[in-house]
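Colleague: I have a structure I would like to understand better, so I am pasting it below and will then ask my questions one at a time.
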Amino acid sequence: MSRFPFPPYLDGWFRAAFSHEIAPGEVQPVHWMGRDLVLFRADDGTPHLLDAHCPHLGAHLGHGGTVEGSGLRCPFHHWRFEGDGRCSDVPYARRIPPAAQVRAWEVVERNGVIFFWHHADGAPPGFEIPEVPELRPSGAWTPLVARRYRIRSHWVDMNENAVDGEHFLHVHGTPVAPRLQCESRGHELHIFTAPGDPFQVRSVDHGPGFRVVYATEPTESVIFLAATPIDESYTESIFAYTARRLPGLDADALAATMVERLDADMQQDIRIWENKVYRESPLLCDGDGPISEYRRWISRFWRQEPEPVDARRG
Ligand code: FES
Ligand SMILES: [Fe+2]
């Protein structure tokens, strides 16, 4: 992607689907990171993500493939693959060819989302996606409402918005620009406003594919954002919103209003994102947010050597 000076696919956990989008026994073709993939949920409920094309004669396992117990049968000649990608049955052969294997992606299901792990060198997961208690279905919070967007940009550039305090005023019309600070803690980036700032917000990025925002205005709420590269040009970005139910508050009505407002914010951002260029050496001034710190942190997801600042703060 010539628009950006970093690789299209970073290291981290990325959203493959919402949990509710795929039931046990279901199979779906998906396309992430420029690859055709197949997502399926075994009969016991375990989700799996495999490269889509069968090593035999190349059928797409997501178009007509069927779940059978823990595995997936190819629609073409009914070879069967397990969640780890290994072929476990060829119905008409005495011996399974030893190389009969498709690539299996590491998957974890958390916070109502099925995530997959990507690493440029195939390294195993370097961190975990935490459980976010507020996202667990309960009567204490409104049901999550999500919106999704297909955006012609890269998350490294889009997510820079999180530390760009001034853009909230000029693009989204907030009454004031929040004074944002950030702190890199290994694979997490914590962003927060100073005590006493009229715009109280904090957020945590867990690698380059998942961020959680904790807001107190207009009410206590949690927003999560996830972004997955579709290919070298497009990213699918989602947000999901929930508000805490408090006495005397119509939290459902408020949540519905907030989702519309966040959707409008997203449209405002997308117009900028899809048409901007990425300045490798931006001309910053003293009122800009901690953009350089953000860039130093996010670069760890495509560089081999962690930045010294990360080693220091752990
Ligand atoms: S192409 Fe999959 S079993 Fe033949
Ligand atoms: Fe924005």
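Colleague: Could you pull the Cα extents of segment 72-139 along its three principal axes, largest to smallest, in whole Å?
Modeller: Sorted largest first, the three principal extents are 53, 34, 15 Å.
Colleague: Now for a separate question. Based only on Cα atoms, what mean projected area does the convex hull of segment 12-118 have, in nm²? Present the calculation step by step, with values, prior to reporting the outcome.
Modeller: Numbers: hull surface 25.2 nm².
Average of the hull's projected areas for segment 12-118 equals 6.3 nm².
Colleague: Right, next: May I ask for the Kirkwood hydrodynamic radius of segment 159-270, worked out over all distinct Cα pairs and given in angstroms to one decimal?
Modeller: Details: mean 1/r = 0.0664 Å⁻¹.
One decimal place: 15.1 Å for the Kirkwood radius.
Colleague: What area, in nm² and to one decimal, does the C-alpha convex hull of the chain cast on average over all directions? Write down the numbers at each step before the final one.
Modeller: On the way: hull surface 72.9 nm².
Mean orientational projected area (the chain, Cα hull): 18.2 nm².
Colleague: Test of understanding: in a Gaussian network model of the chain with alpha carbons linked when under 10 Å, which of VAL222, VAL259, VAL171 would top the mean-square fluctuation ranking?
Modeller: The residue that fluctuates most here is VAL171.
Colleague: Assign unit charges at the C-beta atoms only (+1 for Lys and Arg, -1 for Asp and Glu), then state the dipole size of the chain relative to its Cα centre in Debye, rounded to the nearest 20.
Modeller: Here the chain has a charge dipole of around 540 debye.
Colleague: List the relative contact order of segment 177-258 as a percent without decimals, with contacts defined as Cα pairs under 8 Å and 6+ residues apart.
Modeller: In percent, rounded to a whole number, it is 16.
Colleague: Let me ask you something else. Which loop-located trypsin sites (Lys or Arg not before Pro) does segment 58-109 contain, where loop means any DSSP state but H, G, I, E or B and the Cβ has at most 15 other Cβ atoms within 10 Å?
Modeller: Here the trypsin sites (Lys or Arg not before Pro) that fit, given the DSSP loop and packing criteria, are ARG94, ARG95, ARG103.
Colleague: Apply the Karplus curve 6.51 cos²θ - 1.76 cosθ + 1.60, θ = phi - 60°, to the phi angles in segment 248-255 and return the couplings in whole Hz, x for Gly and Pro.
Modeller: Result, rounded to whole Hz: x, 10, 7, 5, 5, 5, 5, 4.
Colleague: Through the Karplus equation 6.51 cos²θ - 1.76 cosθ + 1.60, θ set to phi - 60°, convert the phi angles of segment 263-276 into ³J(HN,Hα) values in whole Hz; use x for Gly and Pro.
Modeller: Each residue's phi maps through the Karplus curve to give 5, 5, 4, 4, 4, 5, 5, 4, 4, 6, 4, 6, 10, 7 Hz.
Every read-out reported here was derived from the displayed coordinates using simple, explicitly stated rules and does not represent laboratory data. These numbers were taken from a predicted model, which means no experiment stands behind them. Heads up, the Cβs are rebuilt from the backbone with ideal geometry, glycines too, and the neighbour counts pull from every protein chain shown.
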